[in-house]
Structures are given as C-alpha cells and as structure tokens.
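What follows is a single structure, written as structure tokens, with notes after it.
Here, each number is a calculation from the coordinates, and none is a lab measurement. Just so you know, these numbers come straight off a predicted model, no measurement behind them. All Cβ positions, glycine included, derive from the backbone under ideal geometry; neighbour counts span all protein chains shown.
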Amino acid sequence: MTHPNAELVTRFYEAFSKRDGDAMAAAYAPDATFSDPVFPALRGAEVGGMWRMLCKRGTDLVITFRDVRGDDRSGSAHWEATYSFSATGRRVHNVVEASFEFEGGRIKRHVDDFAFYRWSRMALGPAGLLLGWTPLLKKKVQSQARAALDSFMQKNAPAP
C-alpha cells in the first residue's frame with residue numbers, strides 16, 4: 001500500500017504532466033516554501049504562482065517522473081522536463097531531484113535540485129556555455145525569473 005504522501009507527490013507530477021498549475025498549487029500548505037537554482041526562495045502564494053506560470057507558458061512541456069517516495073514527514077522524486085525555453089526558444093531537457101517535507105497532508109517544503117550550468121547551456125546557448133557557471137549569470141537568471149513571476153502574479157491575481 002502506498003503512503004498518502006507518496007500519492008500526493010504522484011498526483012502533483014500527474015497534474016504537472018497535464019499542465020494543471022491549479023492542482024499543483026493545491027498540493028501545498030498555505031505557508032509552504034520552494035527553492036531551486038532559478039527560484040531560490042519562494043513562499044506561500046508565490047509557490048503556486050510559479051507552477052501556474054510555468055504550466056501556462058510551457059505549451060510544449062513534457063514531464064516524466066519516477067522513484068516517488070513519501071512517508072509521514074518527507075519524500076522525494078526524480079523528474080524530468082523537456083520544453084522550449086520561452087526567452088530563447090531553445091530546447092531544454094532538465095533533470096531534477098526533488099525533496100519534500102509534509103505537514104497535514106500537504107507539501108510544506110519543496111526543494112528541486114538540478115545542474116544550473118547544464119540547464120543554462122541548453123536554455124541560453126553560447127551565453128550559458130561561456131557564463132553559466134558564474135554567479136553573475138545565475139543571479140541575472142534569478143532576477144529575470146523573479147520579475148516574470150511578479151508580473152504573472154500581478155496580472156493573474158484573483159478578483160477581490
């Protein structure tokens with residue numbers, strides 16, 4: 001029998017594969033945190049906003065996942081995304097290891113780990129090859145991603 005938190009992670013990635021950002025956002029606790037090399041410190045509504053944005057923009061997004069694990073406190077999964085990076089149109093195949101902490105049947109903390117330099121070479125081409133290993137390029141990508149998320153959330157805020 002599969003643990004309920006492993007089932008939660010499976011449903012999360014099934015929703016991602018269908019580009020259902022609302023279902024992904026619903027998997028998180030209201031005060032959840034998320035981090036990865038591009039979005040290093042998201043909290044609360046920002047987490048769901050990021051997934052909604054990525055699902056909406058990822059018109060050719062293909063997600064696969066495996067090795068889902070979950071117990072009362074923590075979990076993990078391996079997932080891969082293939083898509084065209086919106087800023088350059090370049091094809092990306094990102095390989096990600098995810099770790100989770102759970103609370104009350106929802107995701108409380110989510111950390112995705114992937115090789116930023118590998119990602120930047122695919123997503124940014126020559127600039128990623130030459131500068132993808134530098135903190136300067138990483139900070140620039142993080143800043144642009146943050147600005148895109150802020151804009152998306154402002155334009156897609158629920159009506160009062």
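Restricting segment 96-124 to residues that are part of a strand (DSSP E or B) and among the aromatic types (Phe, Trp, Tyr) leaves a set whose member that is nearest to the chain's Cα centre (by Cα) is Phe100.
For segment 1-95, the helices (runs of 4 or more DSSP H) that sit wholly inside it and include 2 or more residues that are touching a residue at least 24 places away in the same chain (Cβ under 8 Å), over 17 Å from Leu149 (Cα atoms) and of a type in the set (Val, Ile, Thr) are 4-17. Against the criterion of being of a type outside the set (Asp, Glu), loosely packed, with under 14 Cβ neighbours inside 10 Å and either in contact with an Asp or Glu (Cβ under 8 Å, 6 or more places away or on another chain) or without any contact (Cβ under 8 Å) to a residue 24 or more places away in the chain (or both), Ser143 qualifies. Taken together, the residues in segment 61-104 that are in contact with a helix residue (DSSP H, G or I) (Cβ under 6 Å, 6 or more places away or on another chain) and among the small types (Gly, Ala, Ser) amount to 4. Filtered by the rule that a residue be surrounded by fewer than 16 Cβ atoms within 10 Å (Cβ to Cβ) and within 21 Å of the chain's Cα centre (by Cα), segment 126-140 gives Trp133, Pro135, Lys139, Lys140.
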